[in-house]
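The values are calculated or read from the model by the stated rules, or taken from the named source; none is laboratory data. The shown structure was predicted, so the numbers you read here are calculated from the model rather than taken from an experiment. With ideal geometry, Cβ positions are generated from the backbone for all residues, glycine too; neighbour counts draw on all protein chains shown.
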Amino acid sequence: MSERYELFLTCPKGLEGLLSEEATALGLEETREHTSAIRGVATMETAYRLCLWSRLANRVLLVLKRFPMKDAEDLYHGVLDIDWQDHLEADGSLAVEFSGNGSGIDNTHFGALKVKDAIVDKLRTPDGLRPSVDKLNPDLRVHLRLDRGEAILSLDLSGHSLHQRGYRLQQGAAPLKENLAAAILIRAGWPRIAAEGGALADPMCGVGTFLVEAAMMAADIAPNLKRERWGFSAWLGHVPALWTKLHDDALARAQAGLAKPPLWIRGYEADPRLIQPGRNNIERAGLSDWIKVYQGEVATFEPRPDQNQKGLVICNPPYGERLGDEASLLYLYQNLGERLRQACLNWEAAVFTGAPDLGKRMGIRSHKQYAFWNGALPCKLLLIKVLPDQFVTGERRTAEQRQIEREQVEPEDTSALEAPGKYEKYNKNGNPIKPAPVVVEQPRLSEGGQMFANRLQKNLKLLGKWVRREGIDCYRVYDADMPEYSLAIDLYHDWVHVQEYAAPKSIDPEKASARLFDALAAIPQALNIDKSRVVIKRRERQSGTKQYERQSAQGQFREVSEGGVKLLVNLTDYLDTGLFLDHRPMRMRIQREAAGKRFLNLYAYTATASVHAAKGGARSTTSVDLSKTYLDWARRNLSLNGFSDKNRLEQGDVMAWLEACREEYDLIFIDPPTFSNSKRMEGIFDVQRDQVQLLDLAMARLAPGGVLYFSNNFRKFVLDENLGERYAVEEITAQTVDPDFARNSKIHRAWKIMAR
């Protein structure tokens with residue numbers, strides 16, 4: 001009878017049950033589950049088979065000895081008692097891994113050192129020959145696990161972790177380990193689907209891990225068939241003939257599997273940088289005939305046009321790591337759900353997600369969920385049957401569409417409404433009734449989401465007449481109207497810019513997140529804007545210069561119009577967009593009053609007020625700002641409107657610039673930050689503290705009969721009453737707030753100041 005050994009198989013947390021089933025099928029007996037491991041007994045042949053065929057294990061450990069230990073001395077002597085000459089040559093190399101603590105072992109490094117000392121002392125020859133330590137590729141890898149006073153000493157038969165199949169030399173930013181990918185495929189039912197000849201598609205395939213693991217299963221390829229070096233390769237107990245027999249058998253099975261007609265396995269990836277690495281991985285795995293990868297967004301993937309094709313859609317959407325990712329992730333999940341409903345009817349789907357709440361936003365129910373861990377991150381696998389009775393969506397047609405259809409049909413006959421695509425009914429004039437186009441169902445909004453959508457649509461309707469009359473294509477449509485949805489939403493032509501105000505600490509983060517998702521789901525539907533044109537940022541309620549800090553580096557500028565001028569906005573790279581919408585009335589006032597005047601714009605930002613002044617016929621404009629970035633942007637704004645001459649751009653600290661300036665101006669606009677401590681300026685600017693000095697310096701540059709407009713958005717700002725004694729001061733805040741900011745009376749305050 002063949003000798004039987006105790007084996008420990010380690011695995012990622014959460015895979016114990018699956019690994020137990022797999023190992024039992026491969027010959028492991030008396031299987032028991034532990035945390036991140038299973039144990040059982042098996043022959044050497046089964047141990048080799050587990051190394052070669054386990055898709056889920058990390059390591060296969062062959063137990064040499066169990067012994068009780070009370071202290072480090074017990075550890076040393078327990079290891080020393082092993083006949084190490086049966087396992088390793090005296091001039092061989094070894095590595096020791098140690099896990100656990102207690103029994104006088106304070107840290108794993110000390111424990112590993114004691115184990116190594118015992119092995120070396122046992123094998124040291126009289127002439128001083130002894131094993132060396134090689135942590136990368138040792139002849140023998142020894143593992144000792146300390147568990148509640150018992151030492152379990154094992155040989156690692158695997159060598160490097162079994163999840164390292166060897167085909168994936170290139171990986172993406174958030175790679176899924178191969179054995180975790182295999183576990184997800186097994187849970188998703190891929191072995192059954194593949195046996196039935198089904199297809200597989202991954203619409204977010206990255207570098208192709210799901211695709212390769214799925215093809216290896218379908219083609220009956222042992223996951224570690226191509227591994228050349230094992231933990232047992234130089235072990236003196238290794239039985240080469242037994243291993244060769246198993247390896248040859250696996251090779252024959254792989255050749256037979258690859259000779260079969262390949263299944264339809266396709267991957268799609270939006271990031272062009274991952275396409276070639278993915279194809280390289282597939283080629284290294286020897287599966288180029290089975291797997292094809294294409295560049296494309298989620299919405300581009302679709303099954304083969306063959307109507308009878310069925311299969312599995314599987315994906316691991318990105319988790320989102322930066323503020324503002326919420327919108328893109330929500331819409332990614334919505335697009336995925338939309339694509340499943342539209343193109344994959346009767347298929348199965350498996351979505352592995354670190355954000356299960358987003359999984360609920362796909363508009364389709366999962367019939368089963370499994371808990372997994374991706375490293376330290378808890379995740380869920382959502383299993384979905386793509387069938388109409390699983391869809392969680394609104395009506396296919398709007399109420400208006402249904403009303404139009406009813407008016408086309410004879411009052412007593414509405415059956416035409418139930419027969420899309422057929423021309424069997426006729427209207428009163430005898431003409432065939434063409435059914436309304438069927439639109440893809442949108443995910444049904446939650447009750448809160450629907451309330452939010454209703455408010456957006458109400459605001460849009462209220463502002464509509466004013467927007468059309470004024471010719472405005474960028475304006476605020478919502479500003480925390482409903483306290484539980486604390487957002488500012490601005491329309492920039494056909495783009496939406498969303499700023500989320502940070503929720504107070506008293507608000508449950510999960511509730512705040514759910515409300516944000518409700519709002520983001522409602523925005524495209526309510527405003528009739530494509531989901532890809534929604535940008536979200538988080539705005540802390542604080543003073544400072546964070547609005548000027550770079551958030552991203554996409555460099556995408558878009559052209560908008562206002563009062564007959566064209567302006568460039570950037571919706572992604574900074575907290576603000578380059579255009580303060582609330583100052584629109586002030587800019588229009590400057591345009592009306594600028595004819596023939598010398599205009600000075602202090603803290604000019606992107607010089608939008610200077611563009612308006614030039615449009616109004618200003619004799620000259622001068623724009624001063626500390627930021628080279630914003631002055632370059634200002635130059636582009638002026639150039640876009642053909643205003644390059646007589647428009648100066650000055651880089652400098654405004655206070656220092658004013659002190660050095662000796663010129664006069666007829667019209668001055670000042671909109672300073674609340675607070676600034678830029679390294680390029682001396683000292684710190686505080687608008688409340690420094691207002692008098694700033695305005696005195698600016699008024700000294702104002703020509704007789706000139707006008708200075710001063711505004712700022714510091715909510716607690718109080719204008720110094722002494723200024724009214726020296727200058728004619730008139731607060732004009734109410735005249736500088738347009739209807740889109742009427743709800744927020746504190747968005748800014750503004751004054752008109754003239755010499756007495």
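Can you spot a residue in region 228-235 that is surrounded by fewer than 23 Cβ atoms within 10 Å (Cβ to Cβ), more than 30 Å from Lys116 (Cα to Cα), more than 23 Å from the chain's Cα centre (by Cα) and not acidic (Asp, Glu)? There is no residue in region 228-235 that is surrounded by fewer than 23 Cβ atoms within 10 Å (Cβ to Cβ), more than 30 Å from Lys116 (Cα to Cα), more than 23 Å from the chain's Cα centre (by Cα) and not acidic (Asp, Glu). Checked against (1) modelled with pLDDT under 95; (2) at positive phi, His160 passes all but condition (2).
Just checking, does region 87-105 include any residue being farther than 23 Å from Leu9 by Cβ, assigned to a strand (DSSP E or B) and modelled with pLDDT under 95? Yes: region 87-105 contains one or more residues that are farther than 23 Å from Leu9 by Cβ, assigned to a strand (DSSP E or B) and modelled with pLDDT under 95. Ala42 meets the conditions (1) crowded, with 23+ Cβ neighbours inside 10 Å; (2) under 21 Å from His160 (Cα atoms) in every case but one. The failed one is (2). In the list Gly359, Gly337, which residue meets the criterion of being modelled with pLDDT of 90 or more, part of a helix (DSSP H, G or I), outside the structural domain of Leu520 (by TED's automatic domain parsing) and not acidic (Asp, Glu)? On inspection, the qualifying residue turns out to be Gly337.
Residues in region 538-572 that are over 17 Å from Ser676 (Cα atoms), at pLDDT below 90 and not in a loop (DSSP other than H, G, I, E, B): 2 in all. None of Ser644, Ser623, Ser610, Ser639 is among the polar types (S, T, N, Q) and in a loop (DSSP other than H, G, I, E, B) except Ser644. Here Glu89 clears all of (1) surrounded by fewer than 17 Cβ atoms within 10 Å (Cβ to Cβ); (2) touching a strand residue (DSSP E or B) at 6+ places or on another chain (Cβ under 6 Å); (3) of a type in the set (Asp, Glu) except the condition numbered (2).
Listed by first and then second residue, the pairs with beta-carbon distance under 7 Å, at least 6 apart or on different chains, first residue in region 494-507 and touching a residue at least 24 places away in the same chain (Cβ under 8 Å), second of a type in the set (Asp, Glu) and assigned to a strand (DSSP E or B), are His497/Asp490.
Here Lys13 fulfils each of the conditions (1) at pLDDT 95 or above; (2) among the basic types (Lys, Arg); (3) in contact with a strand residue (DSSP E or B) (Cβ under 8 Å, 6 or more places away or on another chain) apart from (1). Among the residues examined, Ser132 does not qualify as under 30 Å from Ala183 (Cα atoms) and among the polar types (S, T, N, Q).
Inclusion of Leu155 among residues that are at pLDDT 95 or above, within 24 Å of Lys226 (Cβ to Cβ) and in contact with a Phe, Trp or Tyr (Cβ under 8 Å, 6 or more places away or on another chain) is warranted. Has region 564-586 got at least one residue that is more than 17 Å from Val737 (Cα to Cα) and over 34 Å from the mean Cα position of the chain (by Cα)? Checked against the condition, which is being more than 17 Å from Val737 (Cα to Cα) and over 34 Å from the mean Cα position of the chain (by Cα), region 564-586 yields at least one hit. The condition (being assigned to a helix (DSSP H, G or I), at negative phi and under 43 Å from the mean Cα position of the chain (by Cα)) is satisfied by just one residue among Asp696, Asp690: Asp690.
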